[in-house]
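Some notes on the structure that comes next.
The values are calculated or read from the model by the stated rules, or taken from the named source; none is laboratory data. From a predicted model like this one, the values you see are computed outputs, not experimental measurements. Backbone-built Cβ (ideal geometry, glycine too); neighbour counts: all protein chains shown. Areas reflect the complete protein model, heavy atoms only, side chains present, ligands, DNA and RNA absent. Shrake-Rupley method; radii C 1.70, N 1.55, O 1.52, S 1.80 Å.
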Amino acid sequence: MLSSTAPSRWRAQCVALLQDGDWHQLYKTAMSWRNDGGAYLPEAWLMDVCSALLHRQPKTAVHSCDLALQMWVERPQDRAVLHFVRGLLIADHLGDPKTAVAGLELAASGPNWLGGEDLARVRQTTSRVRVPRAQPAPAYDQAYVDLISSSASSPRPPVPEPLPADGTQPGLWSEALQHLRKA
């Protein structure tokens, strides 16, 4: 079970690594955080995304969102946060605003703190991309999760107790947003 002090400890480590620009240690820290129960919430996945962006791997960042959406993050408001992040990645880092609109529209029903400015901005951007640079976001796949979880070699991490409210703004949101939006 994730201890009540664990999230703040993981956040502090991630902030330091983000400031240092150490993508590899950030990736390893995010993975450890997920194994410690952070896999069920968007925040640890945000650090995976930031790690990939620091490493100049935006497709890997999108893949991190996809993995979280398919296997780990089930609650609707938390999923909206990841759809928002995915939409920003596709629009700003992959340069495909037309494809990004779908994810940002899914996020529009998410928490109010996400805002709608990015959706409006991306909708107004002209896309020159003919072939989408990302596939549609995956749905949560409980059958696949059950199949993978049934193996003794890959047990799922513990669910943190208590879980923050669905759609709670991640503590590292402002730090992550600096990397998500491409200036």
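Consider region 92-112. How many of its residues are open to solvent by 30 Å² or more (accessible area, probe 1.4 Å), assigned to a helix (DSSP H, G or I) and either more than 17 Å from PRO170 (Cα to Cα) or acidic (Asp, Glu) (or both)? Result for region 92-112: 6. Scanning region 136-164 for residues that are without any contact (Cβ under 8 Å) to a residue 12 or more places away in the chain and assigned to a loop (DSSP other than H, G, I, E, B) turns up SER150, SER151, ALA152, SER153, SER154, PRO155, PRO162.
Take GLY115 and tell me if it is on the phi > 0 side of the Ramachandran plot and crowded, with 22+ Cβ neighbours inside 10 Å. For GLY115, the condition - on the phi > 0 side of the Ramachandran plot and crowded, with 22+ Cβ neighbours inside 10 Å - is not met.
Screening LEU18 with (1) in contact (Cβ under 8 Å) with a residue 40 or more places away in the chain; (2) more than 13 Å from LEU180 (Cα to Cα) gives one miss only, at (2). Take region 145-163 and flag every residue that is farther than 17 Å from LEU67 by Cα, modelled with pLDDT of 75 or more and not aliphatic (A, V, I, L, M). The answer is PRO158, PRO160, GLU161, PRO162.
Select from region 118-145 the residues that are among the aliphatic types (A, V, I, L, M), open to solvent by less than 80 Å² (accessible area, probe 1.4 Å) and over 20 Å from the mean Cα position of the chain (by Cα) and write down the one among them that is nearest to GLY167 (Cα to Cα).
So the first thing to find is which residues in region 118-145 are among the aliphatic types (A, V, I, L, M), and the list is 119-120, 122, 129, 131, 134, 137, 139, 143, 145.
The next check asks that each one be open to solvent by less than 80 Å² (accessible area, probe 1.4 Å); those that pass are 119-120, 122, 129, 134, 137, 139, 143, 145.
Next, only the ones that are over 20 Å from the mean Cα position of the chain (by Cα) stay: 120, 129, 143.
Details: ALA120: 21, VAL129: 32, ALA143: 24 Å.
Step by step, filter region 118-145, then rank; the result is ALA120.
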